[in-house]
Amino acid sequence: MEPSELKRSKDSPNLDESTRRSSFPDEVLERVLSLLKSHRDRSSVSLVCKDWYNAERWSRTHVFIGNCYSVSPEIVARRFPKIRSVTLKGKPRFSDFNLVPENWGADIHAWLVVFAAKYPFLEELRLKRMAISDESLEFLAVSFPNFKALSLLSCDGFSTNGLAAIATHCKNLTELDIQENGIDDKGGSWLSCFPESFTSLEVLNFANLSSDINFDALERLVGRCKSMRVLKLNRSVSLEQLQRLLVNAPQLAELGTGSFSEELTFRQCVELESALSNCKNMHTLSGLWDAKGIYLPALYPVCTHLTFLNLSYAALRSDELAKLLAHCPRLKRLWVLDTVEDKGLEAVGMNCPLLEELRVFPADLFDEEIIHGVTEAGFVAVSFGCPRLHYVLYFCCQMTNAAVATIVQNCPDFTHFRLCIMNPGQPDHITNEPMDEAFGAVVKTCTKLQRLSVSGRLTDLTFEYIGRYAKNLETLSVAFAGSSDWGMQCVMGGCSKLRKLEIRDCPFGNAALLSGLEKYESMRSLWMSACNVTMNGCRLLAREMPRLNVEVMKEDGSDDSQADKVYVYRSIAGPRRDAPPSVLTL
Amino acid sequence: MSTPLEHDYIGLAETSSMERSSEKISSSSSSSIPSNIEDKTTNNPSLNLKETELRLGLPGSQSPERKLSLFGKDLETNDKSNGFVGSPLKNLVSGAKRGFSDAIDGSNGKWVFAINGKSDVELGKGAVLASPRGGLDSKTNPQQVRTSVPVMKEVVGVPQSPKPVQDKKNLVPPVNEHTSAPAAKAQVVGWPPIRSFRKNSMASNLAKNSDEAAGCLYVKVSMDGAPYLRKVDLKTYNNYREFSSALEKMFSCFTIGQCGSNGDGLSESRLMDLLHGSEYVLTYEDKDGDWMLVGDVPWEMFTDSCRRLRIMKGSEAIGLAPRAMEKCKNQN
């Protein structure tokens, strides 16, 4: 469901007196609307009439802001007085892959300052791709006495000192979820900052960090937090230590192990297996860093109930995976490394009929002499065994049009199809043709498709297909593809529900950019880098569409007329004032 | 051999802008380099940078302004059939700590320690590299390399790789300096699209791969051109000689065993033979992620630090950083 952006929702014309008198009293309306959780629903509700708009804004406790620059904290605070939970996303997604300059922005601090004034009772903050400093974390920790949940995903700018501040001051903390951030890991002492009286933690995820933590402190913490249901350890925690933790936390629903590879005696293995088997609620398992095949059997008792198994940090071979999966019949989500190869994926198809989501990550990006990893065969094998598959992220070294056609025939319900053929522009490896027909098959067959990432050698035909058939498409990622402006024009013209478009290294120029003129205000954002867009094209766009922010990031030494990286997004807050010098707002 | 292409990594020739470079990826199967590039490279007036320009020459082509000394002799007189003339590529052996000319002083075979001890990752921080404009069909567009500061980093040499032009891989981001990528291909920023955290985790996973159960030390051995790798247990050998003969048996076309019968390990002269005459060079990746020439350190030290091995074609193993080249030129 689409999280609602803070659209410029105008008040509908007032209803006339008679209608208003017969409508619900405000309190009742608010009570009813407070049950609405979905942002899309809330957004729709707010557009009905002025009463409903007000009732909605007074009853809303969670706000989701998909682009932190689309709105200002003041505007948010003005509209929604009772927010207790905020989700904010900042940088464009390609910042995850180093395509966005370091100091681009998306700093949380200005938001925190406003929240401290307007939402002193704030409880939850979930950030994605924001810049957050230790000072901000400390400010957060001391400004909100009710603060409960902090989740940081793919953020940067902070260190473990900031975590220490959170642990020290947030007396009511229930969730500390630190995932895949650019964190400066200065050591594990932050964990010891939780006071001995502190017992409320339910979610603790520090898998992102590598330093050793004080295990005794952790053991005591886990022991006294009886409501803990999610615990994701970092690599420094050994198997033996894991066992000790599990003995005190059999209620865990999600476990991320630490390192899974040290030498264990037989007795220790038995103890570990026994501790795991006591975790009757466990449905999610991850971590398993450096997992050695010989210790995997300890997991078998847990596997029967598992619905999500994340092996993306465990370089398992195909036989090891096969043995493990034989015990995981209920699996719905599986993340693996391509070390399992096609054979491992065959085992997926054979053992996991309920599978809905599969992600295959590349293990060794640097070992180039030998082709390994997965091919089209593995994906096809999964599709035969897992008809419910609807989410796939697949990094492979080769693919064919025919294979993809078979896959979507077997699994027509794809909502998220992200295929990454790792050689940019690589054609069908059997026919040597472009991969146009593959993605054509995807969009024609998978009518529910919301998210698509394309790769391989693609001509404009792919985009014609997308524009013509992908009517529910919301997010599209394109790299090293297309032949001319026409490709992008097809997408802009055809995909009515498109919200996020990110393009890199494609031959799309100004005509393509400008073909979306009318569309961008209904989208969250557009990213185009290393395409053929010029500054003039961007200026024209900015001029024609004043409610869009058109930002250009220039590279050193590039041609003055080229717009190397373009980021366009709608905003009711106007152009931002915190852009670094390398980012030009037109 | 392949690569009838001249690669201009810094692209000094094309424009006066020193920071543009054409990203050229060697390929035996396709030629995508505009021929105008070659002409310009020899005419570039900015001589200083010329010294550091990385190029692969066409067989038979010369780079008259450059004096190269590699393996103790001028490259110009090298056998052209290698397809390698002119400037050596920086760091063909991904992250090789020192070039051979640093290690070999002139003709007497004495080892000279390189100052350039650090891996190339340290030549500059910040992700760099190629982002070819307009997709891969741009045979007529000079491709620009977008570089952030500084330019030189990671414009890593692309040896003659039999892989197609489109083959590009990503780079270990500078967050973790110790895992320099064995970059046999040119790098594309941000591709494949994997988050830094995951890349770093996988890179340090590699570090652990060779530590198997105590008592044996299995490391992977890959050989250029071989369809599969082998694994050897380093603990079963006592010295370089045993090791190299075992490898020779494993990879029967491997010629390292041609070294003479000098006593312990690979002596200087043996390695000289290796570099000059034999077809293959044995290199290894050490704990820091740097690619080193086998034979420099005592055997025990080698087994302690070796993570994996690669048998490279000798012509590819011209791993010199440009500065090292400069230094060596000055020394000569």
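The values are calculated or read from the model by the stated rules, or taken from the named source; none is laboratory data. The structure displayed is predicted, hence computed values, not measured ones. Cβ coordinates were reconstructed from backbone atoms using ideal geometry, including for glycine residues, and neighbour counts include every protein chain displayed.
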Could you tell me which residue of segment A:573-586 is surrounded by the fewest Cβ atoms within 10 Å (Cβ to Cβ), considering only residues that are under 28 Å from the mean Cα position of the chain (by Cα), farther than 18 Å from A:Thr534 by Cβ and without any contact (Cβ under 8 Å) to a residue 40 or more places away in the chain? A:Arg577
Could you run through segment B:295-312 and say how many residues are within 16 Å of B:Lys235 (Cα to Cα) and under 16 Å from the mean Cα position of the chain (by Cα)? 2
Checking A:Trp58 against (1) part of a loop (DSSP other than H, G, I, E, B); (2) modelled with pLDDT under 95, the condition it does not meet: (1)
Condition first: more than 14 Å from chain B (Cβ to nearest Cβ), of a type in the set (A, V, I, L, M), assigned to a helix (DSSP H, G or I) and crowded, with 24+ Cβ neighbours inside 10 Å. Can you find one or more residues in segment A:470-483 that meet it? no
Which condition number in (1) of a type in the set (S, T, N, Q); (2) facing chain B (nearest Cβ under 10 Å); (3) within 22 Å of the chain's Cα centre (by Cα) is the one that A:Ser522 fails? (2)
Those residues of segment B:175-219 which are farther than 21 Å from A:Pro101 by Cα, more than 8 Å from chain A (Cβ to nearest Cβ), modelled with pLDDT of 60 or more and within 22 Å of the chain's Cα centre (by Cα), in sequence order: B:Ser204, B:Val219
Go through (1) within 24 Å of B:Arg195 (Cβ to Cβ); (2) more than 21 Å from the chain's Cα centre (by Cα) one by one and return the number of the condition A:Leu299 breaks. (1)
Determine whether A:Ser261 is surrounded by fewer than 21 Cβ atoms within 10 Å (Cβ to Cβ) and part of a helix (DSSP H, G or I). no
Going by the conditions given, is A:Ala291 surrounded by 18 or more Cβ atoms within 10 Å (Cβ to Cβ), of a type outside the set (Asp, Glu) and in contact with a Gly (Cβ under 8 Å, 6 or more places away or on another chain)? no
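For segment A:544-572, how many residues meet the condition of being more than 14 Å from every other protein chain (Cβ to nearest Cβ) and either of a type in the set (A, V, I, L, M, F, W, C) or touching a residue at least 24 places away in the same chain (Cβ under 8 Å) (or both)? Write out each step before concluding.
Initial filter on segment A:544-572 (more than 14 Å from every other protein chain (Cβ to nearest Cβ)): A:544-551, A:567-572.
Imposing the further condition that a residue be either of a type in the set (A, V, I, L, M, F, W, C) or touching a residue at least 24 places away in the same chain (Cβ under 8 Å) (or both) reduces the set to A:544-545, A:547-551, A:567-572.
The qualifying residues number 13.
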Residues to consider are A:Phe115, A:Phe158, A:Phe147; find the one that is without any contact (Cβ under 8 Å) to a residue 60 or more places away in the chain and assigned to a helix (DSSP H, G or I). A:Phe115
Looking only at segment A:176-208, which residues are away from chain B (no Cβ under 14 Å), of a type in the set (A, V, I, L, M) and outside any loop (DSSP other than H, G, I, E, B)? A:Leu176, A:Leu191, A:Val203, A:Leu204
Looking only at segment A:200-229, count how many residues are in contact with a Phe, Trp or Tyr (Cβ under 7 Å, 6 or more places away or on another chain) and modelled with pLDDT under 95. 1
Of everything in segment A:80-99, what is crowded, with 19+ Cβ neighbours inside 10 Å and away from every other protein chain (no Cβ under 12 Å)? Give them in sequence order. A:Phe80, A:Ile83, A:Val86, A:Leu88, A:Lys89, A:Gly90, A:Lys91
Grab the strands (runs of 3 or more DSSP E) fully contained in segment B:228-332, keeping just those with 2 or more residues being charged (D, E, K, R), surrounded by 17 or more Cβ atoms within 10 Å (Cβ to Cβ) and modelled with pLDDT of 60 or more. B:308-313
Out of (1) at pLDDT below 95; (2) touching a Gly at 6+ places or on another chain (Cβ under 6 Å); (3) among the basic types (Lys, Arg), the one A:Lys232 does not meet is (1)
Would you confirm whether any residue within segment A:268-290 is in a loop (DSSP other than H, G, I, E, B), closer than 22 Å to A:Val336 by Cα and more than 14 Å from every other protein chain (Cβ to nearest Cβ)? yes
